[in-house]
Amino acid sequence: MPGLVRSEFPVPMGEAVPDRSDPAPEVSVVLPTLDERSTIRDCLDSLLAQDYPYIREILVVDGGSTDGTRQIVASAAPRVRLVDNPRVTAAAAMNVGLSEATCDLIVRADAHTLYAEDYISRSVDALAASGADWVGGRMRPVGGTAFGRAVAAATSSPFGVGPGRFHYSDTARDTDTVYLGTFDRSIVEEVGGYDEGRIQWAAEDQELNFRLRRSGRRIRLDPEVRSWYFPRQTPRALWSQYFNYGVCKASTLAKHRTLPYWRPLAPASMVAATGVWVFCSIRRRNLLVAMVPGIAYVAGAGAVALRLGRNPGVAPHRAVGALAICHWAYGLGFWYGVGRAAAGLPFDTAPRRGR
Amino acid sequence: MPLPQAARFGEYALKGLNAGLREIGQAPEQRQARRLTRKIKRRDPSGPRVLFLTPRSWAYHVQVEMLLATALRLRGAEVEVVTCGGGLEVCDRANSWEAPPMPCRSCRTYVDRSVEAFGLDPDPLLGREPPPAWPELDEIGALDLHRVVDDAGTPLGELVDIPTRWFLLSASRDSDPLGPLTTRRFLRSARATAEAMRSTLDRKRPDKLVLLNGLFFFESIARRLATERGIDVITYERGFRPETLVFRRGLPASHYEISPYWQRWKDEPLTVEQQAELDAYLLHRRRKGHPIFDFWKDAVSADLGGSEHGRTVCLFTNVTWDSAVLGREGAFGSIQQWLDAAIDHMKGHPEDRLIVRVHPAEAKMSGKITRESLGTYLQHAWASLPSNVTVIAADDLTSSYDLMEAADVGLVLTSTVGLEMALLDKPVVVAGETHYRGKGFTTDVDNPGDFGRAIEAALADPAALDRDVEAARRYAYTFFFRASIPFPLVSEPVPGLATLRVKDPAALAEGVDPWLDVICDGILNGGDFLGVATC
């Protein structure tokens, strides 16, 4: 690297001398990766800078990155351990990580996320204080482009993503699912681990949380557990992501014959109702009536976007675009997934071209 | 993005119209420039080679630079103009509320058309091919990015430090989730810019380089590379008085450092006329406050409550990402540390009170709302503030001038408020590296210990601190008048738009406008850019 500085990883995590009279538990961090070169360094920096002294290991479980991710991770050894994930997916990575981890308490991490210095300590504290089985924080999206800011605003609003409290709640509460999480691995093993084979990729966390809740476990959202997530920064990438989320819900429905929560039905119903309305209107040759759902949607989304536009840096027209993509891609993805399930086709357990 | 305000619809309409006209090179100032250029009789250059760096579509600065370029050509200089050309991942043309993507196409169109309107050929630095990737940057940790140097040894990390924070509208780059991402974007852009700038300087070999501010993205790189090559670098900024400019040789004009001028006039009493001139200007400042943004338009008088308190100490913050502050925090590592230290000290003096006035620019600078609000910082850092500490938020309409008058002591980092308080004969404790530090009318501290001792002394007896209102007035006159040169040839009727006031090229010729002569003499012959002495 001519001209560049040598950049050591920060913070003497491994050099801290834990006071073992302290009852605080040791933790293993499990971080699935696949081609994360542009974000992995900052992600690891933020994990290595944690104020929690009892982090025994950070396991980066890599699905075969070819972009240099593995080299960056390897340079953080021995505090960070690179583990191969031959089955590629995030669900498989979590199962590999759980089997490799030497601690019972697991922190599930994500490479597109930066963690507050007290992320792990607050997670551990919240787990102990609440008596819950799984604790996670709010998903705090950070937009790095004009469209990314609109996506961040849309996905932090109940109007954008429905009542998924981990997107916007400011109060600690039990909930149905959270972003990432800290948990004892035994509870995951009890319900059979992450599902690698029957659900669409990226559905693993919410599907696991669904099984945990069905088995009587408590999922806890604590907004003081802070991390920052970089959402998709282009309309195309956002469309792909939300279409896949829709398929994820359909795959969960296909597996469990029920949904973990009613949220997916809102965009799915909107898409279905719009389709029926437009079809009927066109059959009656009334194009004006056929346009009514579109006009109504734009009016409604426009009103929400004006509200989102009060956030600095969020242009209302981009917010309308982000809302529309989230809703329509999700709804269409859901029906696409339902169609696949009805046709007996398997779901994609791994992304086709990276994640 | 704040919603449109009904009161500003006229401004929006004007800007919209102007944006459309810029697209076709027909903005009023561009048409005026063409009319002006048509009347100019060309003469062969015989003087120094002067290179202007005009990279962004900041209309006021583009027009100032092109007018100066024209005036220098009329004085025989060989003038060339370097523009950006576009295509960078990021620059400081916009900020993190607005970009990326950067508005390169409209920016380039305005700059190039404006330069051409003055009969000059814009020479773009970039834009011919996309900047090369720099994948190795992904391996550098966020805390080390400021140490990055490129293959030629240029300390890009250091040079993009201020522009990155300015872009982020936050000085706390290391704890900002957008910090590492943005810094890498700036470094990649800086690498491409530095490479192009080296090539341009070596090809053109100018004698003089004229550029804005000196600390911004393009300018910090150009200043560094030009200085390495022995080129005479002249920087300029807007003066504090309306329609004035400040010029510096070699140094960033934005630091407003006037020590050489002060040495010359520090012992010279002001005349009656000068006293009156200064008083009139200070009154204007009180009414308006800022050359561009009208902070005190709807200001209300401060009600500072009863007299149950002992001393009143007023602390005036800066905007954290202001280039006048970054790297000049002096006694403290950051504004936040300085604030904490002040509150900590006042906690031990419940009988006295501290009023923290958060800079109104945090909330009132349209399009530049801070991402690092000190009011929010105080809420988080001090779950419960001591009862004798009051915070006046950035959007509070309370006039800072009333606070200055009510205060027994002022605390500032680099704010000009410190100078204004000294002019009111108030003791001021200065913690930062500001231009009026060490001039004999403020108490300047070098470390947190001194800061604490100064507060203690002030609370015991404010009169014990250094004060010298006469020296402060002499300094203020030197600063506001002598060191800034009137330049009414370009105005900014609405922020972002520029008007050329020159109708006849003869107005730019040597010997017609004494202020313009001072500027041109400073650029071409090393004159001292004095706004008063020669006139």
**Prompt:** Could you put B:His284, A:His327 in order, starting from the residue whose Cβ has the fewest other Cβ atoms within 10 Å?
**Reply:** B:His284, A:His327
**Cα-based helix-to-principal-axis angle, B:28-39 vs chain B, degrees rounded to 10** = 50 degrees
**Prompt:** Can you give the Kirkwood hydrodynamic radius for the range B:322-411, in Å, rounded to one decimal and based on Cα pairs?
**Reply:** 14.2 Å
**Fill in**
Rounded to whole angstrom, the alpha-carbon centroid of the range B:398-464 lies from that of the range A:316-349 at a distance of 61 Å
**Message:** Between helix B:272-287 and chain B, what is the angle of the helix's C-alpha long axis to the longest principal axis, kept within 0 to 90° and rounded to the nearest 10?
**Reply:** 80 degrees
**Item:** Highest average packing first - B:108-116, A:268-276, Cβ atoms within 10 Å
**Value:** B:108-116, A:268-276
**Asked** According to a simple spin-label model (label point 7 Å from Cα along Cα-to-Cβ), what is the distance in nm between B:Asp202 and A:Ala299?
**Response** 6.5 nm
**Item:** Spin-label pair A:Leu306/B:Ser384, simplified geometry with 7 Å Cα→Cβ offset, distance in nm
**Value:** 4.3 nm
**Item:** Förster-model FRET efficiency, 22 Å R0, B:Ala280 and B:Glu470, C-beta, rounded to 0.05
**Value:** 0.75
**Request:** Would you please classify the overall shape of chain B from the alpha carbon gyration tensor, given that a ≥ b ≥ c denote the square roots of the eigenvalues, rounded means a/c under 1.5, and beyond that prolate means a/b larger than b/c while oblate covers the rest?
**Result:** prolate
**Request:** Calculate, in nm to one decimal, what A:Arg263 and A:Ile282 gain on full extension: separation in residues at 0.36 nm each, minus their alpha carbon distance.
**Result:** 3.9 nm
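Stick to the Cα atoms of the range B:362-475, pair each with every other, and give me the Kirkwood hydrodynamic radius in Å at one decimal. Mind dumping the intermediate values first?
Details: mean 1/r = 0.0648 Å⁻¹.
15.4 Å is the Kirkwood radius here.
Exactly which trypsin sites (Lys or Arg not before Pro) in the range A:262-321 are in a DSSP loop and have at most 12 other Cβ atoms within 10 Å? Mind showing how you got there, number by number?
Values: sites: A:Arg283, A:Arg284, A:Arg285, A:Arg307, A:Arg310, A:Arg318; in loops: A:Arg284, A:Arg285, A:Arg310.
Sites meeting the loop and neighbour criteria: A:Arg284, A:Arg285, A:Arg310.
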**Fewest-first ranking of B:Thr442, A:Thr113, B:Thr312, using other Cβ atoms within 10 Å as the exposure measure** = B:Thr312, A:Thr113, B:Thr442
**Request:** Report, as an integer, the average count of C-beta atoms from other chains found within 10 Å of each Cβ along A:113-119.
**Result:** 2
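Quick one: Kirkwood hydrodynamic radius for the range B:264-479, alpha-carbon pairs, angstrom, one decimal? Please report the intermediate quantities before stating the final value.
Details: mean 1/r = 0.0569 Å⁻¹.
About 17.6 Å for the range B:264-479.
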**Prompt:** Using every alpha carbon pair in the range B:115-176, what percent of pairs falls into each 10 Å bin from 0 up to the bin containing the largest distance?
**Reply:** 17, 35, 29, 15, 4
**Prompt:** Tell me, what HN-Hα J-couplings in whole Hz come from the Karplus equation 6.51 cos²θ - 1.76 cosθ + 1.60 at θ = phi - 60° for each residue of the range A:209-220, using x for Gly and Pro?
**Reply:** 4, 4, 5, 4, 5, 5, 8, x, 7, 9, 9, 10
**Fill in**
With Cα coordinates, the longest principal axis of chain A makes an angle with the long axis of helix A:119-130, in degrees rounded to 10, of 80 degrees
**Fill in**
Given unit charges at Cβ for Lys, Arg (+) and Asp, Glu (-), the dipole magnitude of the protein assembly as shown about its Cα centre in debye, nearest 20, is 4280 debye
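Within 10 Å of each Cβ in B:128-141, how many Cβ atoms from other chains are there, averaged over the peptide?
On the way: counts 0, 0, 0, 0, 0, 0, 2, 5, 6, 5, 11, 11, 7, 12.
The per-residue average across the peptide is 4.
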**Prompt:** With r defined as the distance between the Cβ atoms of A:Ala128 and A:Arg214 and R0 fixed at 30 Å, what FRET efficiency is calculated, to the nearest 0.05?
**Reply:** 0.80
**Message:** Taking the alpha-carbon distance from B:Lys439 and a cut-off under 22 Å, which lysines remain once sequence neighbours fewer than 8 residues away in the same chain are dropped?
**Reply:** B:Lys266, B:Lys426
**Request:** Please report how far the C-alpha centroid of the range B:119-186 lies from that of the range A:28-100, rounded to the nearest whole angstrom.
**Result:** 27 Å
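Quick one: net charge of B:Arg75's neighbours, Cβ under 10 Å, K/R +1, D/E -1? Don't skip to the end; give the middle numbers.
On the way: positive: B:Arg43, B:Arg73; negative: B:Glu510, B:Asp517, B:Asp521.
Here the charged neighbours net out to -1.
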**Request:** Highest first, please rank the peptides B:188-194, A:186-192 by the mean number of other Cβ atoms sitting within 10 Å of their residues.
**Result:** B:188-194, A:186-192
**Complete:** For B:Lys39, the aspartates and glutamates lying under 14 Å Cα to Cα, once residues fewer than eight places off in the same chain are dropped, come out as B:Asp504
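Please state the shape class of the range A:251-342: rounded when a/c is under 1.5, otherwise prolate if a/b exceeds b/c and oblate if not, all from the C-alpha gyration tensor. Walk me through the numbers before you get to the answer.
On the way: a/c = 2.92, a/b = 1.17, b/c = 2.49.
Here the range A:251-342 falls in the oblate category.
Among B:Met404, A:Met94, which comes first, second and so on when ranked by fewest other beta-carbon atoms within 10 Å? Provide the component values of the computation, followed by the final result.
Working: B:Met404 22, A:Met94 25.
Taking fewest neighbouring Cβ atoms as first place, the list is B:Met404, A:Met94.
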**Complete:** Under the 7 Å Cα-to-Cβ spin-label approximation, B:Lys266 and A:Gln71 lie apart by a distance in nanometres of 5.6 nm
**Message:** Residue by residue through B:142-149, how many Cβ atoms from other chains fall within 10 Å of the Cβ on average?
**Reply:** 5
**Request:** Between the alpha-carbon centers of the range B:1-50 and the range B:474-506, tell me the distance in whole angstrom.
**Result:** 17 Å
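Once a ≥ b ≥ c are taken as the square roots of the eigenvalues of the Cα gyration tensor of the range A:23-232, is the result rounded (a/c under 1.5), prolate (a/b larger than b/c) or oblate (a/b not larger than b/c)?
Working: a/c = 1.29, a/b = 1.09, b/c = 1.19.
Rounded shape, in that the Cα axes give a/c under 1.5.
Loop-only check: which trypsin sites (Lys or Arg not before Pro) in the range B:229-262 are DSSP coil with at most 15 other Cβ within 10 angstrom? Could the numbers behind the result be given before it?
Values: sites: B:Arg229, B:Arg238, B:Arg248, B:Arg249; in loops: B:Arg229.
Answer by residue number: B:Arg229.
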**Asked** Which whole-Hz ³J(HN,Hα) couplings does the range B:447-463 yield from phi under the Karplus relation 6.51 cos²θ - 1.76 cosθ + 1.60, θ = phi - 60°, glycine and proline marked x?
**Response** 8, x, x, 4, 4, x, 5, 5, 5, 4, 5, 5, 5, 5, 7, x, 5
**Isotropic mean projected area of the C-alpha convex hull, chain A (nm²)** = 19.7 nm²
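We did not get these values from a lab; they are worked out from the coordinates using the rules stated. Predicted model, so just to flag it, every value in this text is computed and none were measured. So basically every Cβ, Gly included, is an ideal-geometry build from the backbone, and we count neighbours across all protein chains shown.
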